[in-house]
Structures are given as structure tokens and as C-alpha cells.
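As C-alpha cells, the structure follows; a few thoughts come after it.
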Amino acid sequence: MDHLAGISTFVAAAETLSFTEAGRRFGVSASAIGKSIARLESRFGVRLFHRSTRSMKLTAEGELLLQRCHRILSELKAAEHELSTTLVMPRGKLRVSVPMIGNLLLPRIARFIEFYPNVEVEIDVTDRKVDLIDEGYDAAIRIGDTIDTRIMSRSLGCFRQILVASPSYVERCGQPATAQHLLSHTLLLYRFPNTGKFEQWPVADFQNVIGSTNVSNVVCNSVEILKYLALEGRGIACLPDFEVAQALRSKRLVDLPQEAAAAPCTLTVLWPSSKHLSPKVRAFIDILSEDFCLPEA
């Protein structure tokens, strides 16, 4: 910083050819300017000014230094402008983790890309619960809340888990009315990648049902695959209502009765806690949550 102050002082003195005028620019005395110039001359080992009682002019070395200093100060101004622009206009890379929930989020992401072409968007599609901070994500969209104090969140909407099957499956295997009836069905189960646990169904005594040797289970960690298998008549799945809303309306799937009311779930956008949220993350969160509405089954 001392070097930069010395450069600014030199440029002022060179442009005005007066230590007194340069001092007025910085609110210091002519003597202070003179001492600053003397330190520069000592550092570089050259004279920068020819001085007499009547006049002052730059030496050849001073002329060369002035040209270089103009470039340095110009670059600093450009950097300052770029940084101030960044505070207003989102730019840079945005790394986002999103779950495999079909086309629900794609229109919002496409809108963000359209509005902010200077942001390079990197989308990681996974149902795995990523660690935003350790893995370097700017944001993630997940089901449920977080208790991590390092993470901020905003709810996008609530939904419920429902049991569904294709009409052909129901016609072939019957419609279960109780948990006991599920023992004779093929269950399409979701297993959480991080914990290895099965997602809870709104069914009484569910753990004993899926643990029964009589039950034929199909297990995966993708909602998309479970939905596909249900549509193909391969079993009963428990899926978010927004994910199967269109299939229910077109009667490609049917909503099966549930013994227990499913607790509401929350679709949430998460981002690392920071005192100063970057413009790209703020813009992404705003576009994602603006008038967001989950499709109703």
C-alpha cells in the first residue's frame, strides 16, 4: 500500500509539476510530497525530477515512470469498475445440486440462464444429500429441512407422499387396503444414498412390512426410476404428489388408499450461510422461489 501511495503522489507531482499543487490534491504539505518523491528516487536509484528555484520538470526516467504509472492506475480503475459491476450483475460459475424430480425445476433454471448469460451454470443431478460447503456447491434443492447451522434455506412449497400404481397392476394384483395386504404385492422402494435407510411410507407397521420375507421388493435411489417402474405396472411406489400429478390426471397411475395420513414434506433450496450473499446465488434463489407452485395431484 505504501508503494501505491507513492505512485499516486508521484503522478500528481508529475502532472502538476508542483509539489504544492500535488499536496493540495492529497491534503498534505509540499514538504510531505517532496519526502515521498525522495523515497521513490532512493528506492529506484534515479532522479525523477529536475528541480530549481524557478521550475521543475521530469527527467527521462521520470517520463518513463509516469507512463508506467498511468498504466498501473488505469488497470486499478478497471479492476475497481469490474468489482463494483460484479456486486450488481451476477457473473462467474454457479454450481447447483438438484434432485432427480423430472421437469419440475427445469423451467426456472432455463429462465435463470436466459436472464444471466454471464453466469456459467453447472448442474449436478443426484438424489444424494450433498455437503454444500465441503463439496463446493453454491446451492442445492432438497426435500426436507436442514439443521446445519452453516446452511441457510428457503421453502419452495409443501407436498405429500402418496401410494400409486398403474391401473394394469391394480387389475392384475388387486388394490391393497391395509398394510397386511401389501405383503402380497411388489413394493418399489426408495433407499437414501447417504444413510442406506428406506423412505418411510404412510403405512402402519411399515418396517415390518418391508422386512417380511413374503414381500417382493425392488430397491433404488431414484424417484424417476420408481415412477417409470410404477407406470410400467411393476409394483406399488410411494412418490411425491407433484411428481405423479400429470400421470394421475391422465389415469396412467391411480392413487391408492392410505391407512395413515402422510405428513407434509417441504421442497427447499439451500445455500451456505454468508454475511454477504453473492449476486449470482441471490438471483438464483429469487428466480427459483418467485411464484413457485408445486403441481397438485
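Think of a 1.4 Å ball rolled over the protein heavy atoms: the chain then has 57 Å² of accessible area per residue. Evaluate the Debye formula for segment 159-297 with equal point scatterers sitting on the alpha carbons, no solvent, and hand back log10 of I(q)/I(0) at q = 0.10, 0.17, 0.20 Å⁻¹, in q order, two decimals. Log10 of I(q)/I(0), two decimals: -0.40, -0.93, -1.20. Out of E21, E122, E135, any idea which swings most in a Gaussian network model of the chain, alpha carbons joined below 10 Å? Of the options given, E21 has the highest mean-square fluctuation.
Between L64 and D286, the simple spin-label model (points 7 angstrom out along Cα→Cβ) gives 5.1 nm.
Would you mind checking K77/K275; K129/K280; K129/K197 for any pair whose Cα atoms are more than 19 angstrom apart?
Result: K77/K275; K129/K280 exceed 19 Å.
Mean-square fluctuations from a GNM of the chain, with a 10 angstrom spring cutoff on Cα atoms, peak among A245, A32, A140 at A32. Straight-distance candidates among the lysines for linking to K251, with alpha-carbon spacing under 19 Å and chain neighbours fewer than 8 residues away dropped: K227.
Our summary of shape: the Cα atoms of segment 17-125 have principal axis extents of 81, 27, 19 Å, ordered from largest down, in whole angstrom.
State the label only: which of (i) 52; (ii) 26; (iii) 20 corresponds to percent of Cα pairs over 32 Å apart computed from the shown model? Recomputing percent of Cα pairs over 32 Å apart here picks out (i). Return the single residue from S184, S166, S278 with maximal mean-square fluctuation; model: Gaussian network over the chain, springs between Cα atoms under 10 Å. Of S184, S166, S278, the most mobile in the Gaussian network model is S184. Taking only protein heavy atoms and a 1.4 Å probe, the accessible area of segment 147-297 is 50% carbon and sulfur.
Taking the helices alone, the chain has a mean residue ellipticity at 222 nm of -12500 deg cm²/dmol, built from -39,500 (n - 2.57) per DSSP H run of at least 4 residues and averaged over all its residues.
With contacts taken as Cα pairs under 8 Å at a separation of at least 6 residues, the chain carries a relative contact order of 22 percent.
Distance between the pseudo-spin-label points of S29 and R150 (7 Å out from Cα toward the beta carbon): 5.5 nm.
Counting only alpha carbon atoms, the long axis of helix 106-115 and the longest principal axis of the chain meet at about 20°.
The values are calculated or read from the model by the stated rules, or taken from the named source; none is laboratory data. A quick note: this is a predicted structure, and the numbers were derived from the prediction, not measured. When we count neighbours, we look across all protein chains shown, and the Cβ atoms used for this are built from the backbone with ideal geometry, even at glycine. Ligands, DNA and RNA are excluded from the accessible area calculation, which covers all protein heavy atoms including side chains. Shrake-Rupley method; radii C 1.70, N 1.55, O 1.52, S 1.80 Å.
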